[in-house]
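> Pasting in a structure now, in structure tokens, and then I'll have a few things to ask.
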Amino acid sequence: MDMRFIVVTGGVLSGLGKGIVTSSLGKILQSRGYKVAPIKFDGYLNVDAGTMNPFRHGEVFVLADGTECDMDLGNYERFLGVTMNYYNNPTGGKIFKLVLDKERRGEYLGVDVQFIPHVTGEIREWVKKVGRDSKADFVLIEVGGTVGDIENSYFIEAMRQLKLEDPMKTMFVHVTLVPELKVVGEQKTKPTQQSVRALQGIGVQPDFIVCRCDEPLGKTPRKKIALFCNVPEGHVISDHDCKSIYEVPFVLEKEHFGDMVLKAFGLKAKGKDLKEWRGLVHNILNPKKEVTIGITGKYTALHDSYVSIVEALTHAGAHEETKVKLKWIETTSLKDPAKALKGIDGIIVPGGFGSRGAEGKINCIKYARENNIPFLGLCFGFQLAVVEFARNVCGMKGANSSEIDPKTRYPVIDYLPEQFEVEGLGGTMRLGAHRITLKKGSQVSKIYGGKTKIVERFRHRYECNPKYVKTLEKHGLVFSGTNSRGDIMQFLELPDHLFFIATQAHPEFQSRLERPSPPFHEFLKAASRKH
């Protein structure tokens, strides 16, 4: 198979936006008629991101096969419209587990197992497998961390070896920082020179250097970087700040990045079409309306904890020509929801775990229900909507989730039956894509275009306790979506409310700029009506 590999490394510091560069280059290559498959390598020894605190790693993104992974894979899916799996996110933990399992089975034929050639060899085979399985023209490989880290050094070595196999089919793109010191008023190239030198020191010469900078890269620093870093001047790419991440493909297009990548591989464009993308980006940058959405949570100090929700709102806003202004509402010690929710047009209660901030979220849900404020509950937000309704409408004083209060008299939220037997935390929840049966004629069914069968992604260990479903329904709560057997409640709604819908699913994980998530799209319309 005629695959090409593009390896994206980073230098100077983390958080430069390697994932956005990788996604944007992939989008450009797609627009030229090529099929791409993205990979993100993470050097941590965890098998996946599932057990990590959001403060450590941002949002845990969930793939259709149930893989809990790095948030950059969310960017790949949102930009490229691809559906990925376990193999698109190799981690140090996955790779070492693979090697050790093979060693225990005797598959290395009695030799001493070493980083080279065994670990690096498995990595090379891993990335080739992703390309073969997806029948991709280009495999885009983002290496997490920065050059010089111990955690990613063996992976970069594997990529160096990959290029040795066929130098004409592997390319290195290095993303680096070009800061501008205000006191001297010029863009400084020394950090880039040092990071490229570190890369060269481990045997890798970048083919392109993408420079993250506040303003467009000037001619003088561009020439200096080309000279000192051993690349043609045209291969030094300006990736300067813009208002939306969805603009980045156009920033790179102005630099002719995609055309030069194809030329370096000896390929030609099969077409060129970013028309729809351009129109949606125009709507993001030139909105005709504005709404304010409150996001309640306990990780509001780190917005990366809720990045898929933010992007899903952006997608919906692009289609409605509406700017979404966010108000972050920390619920840990929230007592006065009227004050906290003043001036908002809708609230989202996102996923989460544990008791901290739960009562504040319940107070927000109650205020939204009683004051006809559009409400969208996601996962934990669905569970707390059940708790709030049980307490304040059904009269179940002290009703709660058994996760929060194991001794509650009314455990309206309790473990899924299969979770009682689970050992350990990693990868043991109800995860990934599952079918949902929607009640015909319900609000939710209408939101999904009249469908009664849909698929959304899940990540939960608790559910609405089936023992209380009839009581909740008797008092007016409508469970409008269940699993195919009808014994796990997956959507709820209040028919007489402007918009009061919650789901045990995470529909934000399937939202795309060209195809926004239906619940988010309708929620934004309702918030616009409220405004």
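> Would you work out the charge dipole size for the chain about its Cα centre, treating the Cβ of every Lys and Arg as +1 and the Cβ of every Asp and Glu as -1, and quote it to the nearest 20 debye? Working shown, then result.
On the way: 74 positive and 63 negative charges, 247 e Å.
So the magnitude is around 1180 debye.
> Can you grab the distance from the C-alpha centre of the stretch 427-506 to the C-alpha centre of the stretch 365-380, Å, no decimals?
Centre-to-centre (Cα) distance: 16 Å.
> On to the next question. With +1 on each Lys and Arg Cβ and -1 on each Asp and Glu Cβ, how big is the dipole of the stretch 335-467 about its Cα centre, in debye rounded to the nearest 20?
Values: 22 positive and 13 negative charges, 92 e Å.
The calculation lands at about 440 debye.
> Next question. Per residue, how much space in cubic angstrom lies within the convex hull of the C-alpha atoms of the chain? Let's see the in-between values first.
On the way: hull volume 87.8 nm³, N = 531.
In the chain, the Cα hull volume divided by residue count equals 165 Å³.
> Here's another thing I want to ask about it. Can you sort W126, W328 by how many other beta carbons sit within 10 Å, fewest first? Before the final figure, lay out each step's value.
Values: W126 19, W328 13.
The fewest-first ordering by Cβ neighbours comes to W328, W126.
> Using a Förster distance of 56 angstrom, determine the FRET efficiency expected from the C-beta separation of K97 and S402, and round it to 0.05. Walk me through the numbers before you get to the answer.
Details: r = 33 Å, r/R0 = 0.59.
With a Förster radius of 56 Å, E is 0.95.
> Can I ask one more? Take every Cα pair under 8 Å in the stretch 287-530 that's 6+ residues apart, average their separations, divide by the length, and report that relative contact order as a whole percent.
That works out to 22 percent.
> Same structure again: Quick one: angle between helix 275-285 and the longest Cα principal axis of the chain, in degrees between 0 and 90, rounded to 10, please.
60
> What are the residues whose amide H is under 5 Å from the amide H of V412, where those residues sit 5 or more places off or on another chain and H is modelled from the backbone?
The list, which skips near neighbours in sequence, is N400.
> Would you mind computing Rg(Cα) / (2.2 N^0.38 Å) for the stretch 287-530, counting N as its residues?
Dividing the Cα radius of gyration by 2.2 N^0.38 Å gives 0.94.
> Follow-up. Could you compute how fast the stretch 283-425 diffuses translationally, taking Rh as the Kirkwood radius over C-alpha pairs and applying Stokes-Einstein at 10 °C with viscosity 1.306 mPa s? Give it in µm² per second.
Numbers: Rh = 16.2 Å.
The Stokes-Einstein estimate is 98 µm²/s.
> Given Cα pairs under 8 Å that are at least 6 residues apart, what percent is the relative contact order of the chain? Show your work: numbers first, answer last.
Numbers: 1077 pairs, mean separation 77.9, N = 531.
Over the chain, the number comes to 15 percent.
> Next up: Work out Dmax and Rg for the stretch 4-279 from the C-alpha atoms and quote the Rg first, both in angstrom.
18.5, 62
> Here's a follow-up. Just for the Cα atoms in the stretch 290-333, what are the lengths along the principal axes, largest first, rounded to whole Å?
Principal extents (Cα only, largest first): 35, 17, 10 Å.
Here, each number is a calculation from the coordinates, and none is a lab measurement. Here the structure is a predicted model, which means the values were calculated and not measured. Backbone-built Cβ (ideal geometry, glycine too); neighbour counts: all protein chains shown.
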